[in-house]
Amino acid sequence: PAPVRAPVVSGPWLDAWTLLTIGIVVEFVFVYFSATFLVEELGAEAPTAALGTAAFAIGMAVGRFSSAPIRKRVGPRLTVNLVVIGGGFGVLRMAPGPGVAIIGIALAGIGVALLYPVAVGRLLARFPGDADLGSDRAGLASGAALLASPALVGGLRQVADVGAAFWCVPVLLLVLLG
């Protein structure tokens with residue numbers, strides 16, 4: 001008889017799967033909550049708040065374009081990414097006004113952008129000699145997170161104001177440090 005394959009979300013690669021999915025959830029938190037946070041917590045006008053979401057996207061673009069040189073310099077170290085995201089979150093939470101908060105949002109975008117290549121690299125490394133299976137698992141993890149994130153983030157916002165809801169970011173980062 002043919003060997004039984006492990007379920008899709010188990011095995012020695014579960015840590016890489018978790019990293020990938022949590023990274024995508026954190027991305028959705030910033031995408032969905034940044035503008036609302038700027039309006040509700042810091043009194044920004046709508047055009048300024050829109051800059052917050054744009055700053056996150058710009059930060060992610062900068063992070064993705066610079067990820068290869070950064071990884072060559074410091075290696076694929078998860079702690080570097082988490083420090084950058086945590087630093088951006090800290091700047092956002094302690095910001096006296098929208099301008100400083102937007103800088104924090106952009107910084108978090110850089111850190112979040114660096115999570116994805118590290119997570120995919122870790123997932124592929126768990127499947128030596130079978131890059132197809134590794135990339136299948138990476139695609140499945142990404143798809144599952146993209147499907148679940150809007151509901152999770154939206155549900156969080158239904159039970160908490162945006163200031164409280166944003167606190168899921170450091171909680172999720174601590175899970176990754178686990």
Checklist outcome for this item: Flagged in region 69-93 as out of contact with any helix residue (DSSP H, G or I) (no Cβ under 8 Å at 6 or more places or on another chain) and either of a type in the set (A, V, I, L, M) or at pLDDT 95 or above (or both), in numbering order, are none
Checklist entry - Taking GLY109, is it more than 17 Å from the chain's Cα centre (by Cα) and among the small types (Gly, Ala, Ser)? => result no
Item to check | Residue among ARG122, ARG93 that is closer than 19 Å to ILE22 by Cβ and not aromatic (Phe, Trp, Tyr) | outcome: ARG122
Checklist entry - Just for region 140-178: of the residues that are over 22 Å from ALA108 (Cα atoms) and surrounded by 15 or more Cβ atoms within 10 Å (Cβ to Cβ), which one is farthest from the chain's Cα centre (by Cα)? => result LEU140
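The values are calculated or read from the model by the stated rules, or taken from the named source; none is laboratory data. Owing to the predicted nature of the structure, the values given are computational and were not obtained by experimental measurement. Glycine also receives a Cβ, built like all others from the backbone with ideal geometry; neighbour counts cover every protein chain displayed.
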